[in-house]
1. Which residues does a label at Leu31 reach in the range 40-56, if reach means a backbone N under 11 Å from a point 7 Å past the Cα toward the Cβ?
2. Using a 7 Å offset from the Cα along the Cα-to-Cβ direction at both Arg76 and Met12, what is the distance between the two label points in nm, to one decimal?
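Derivation of every value follows stated rules applied to the coordinates shown; laboratory data play no part. Just so it is clear, the model here is predicted, and its values are computed rather than measured. No Cβ is skipped: glycine too gets one built from the backbone with ideal geometry, and neighbour counts run over all protein chains shown.
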Amino acid sequence: MPEFIMGCAQIMDRLKAKGMTVLLSTHDLNLAADRFDRVLLLNRRLIAHGAPDEVFCPEVLQQAYGGQLAIWEHERGLVMLGDGHCSMGEEGR
């Protein structure tokens with residue numbers, strides 16, 4: 001993970017430890033899955049929201065990204081790799 005992102009993650013951890021809410025917009029699904037208790041999945045509309053393990057499951061990700069997202073199971077959870085030219089998902093076709 002790049003140094004800047006690690007620094008931001010440490011700041012977010014300190015804020016969370018103080019009971020503060022952190023709202024972050026990111027395209028890094030792996031970062032969101034690792035760092036946050038609740039996530040929103042958006043692709044021109046709200047696709048899903050909830051705990052990362054509920055939102056970042058293959059069925060929901062398929063709705064958001066169509067076939068443009070590769071997903072692997074790993075001992076630490078899902079690994080997601082997106083194509084930079086993803087479509088609008090099922091709704092946009």
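1. Counting backbone N atoms under 11 Å from the label point, the list is empty.
2. Going from the Arg76 label point to the Met12 one covers 1.4 nm.
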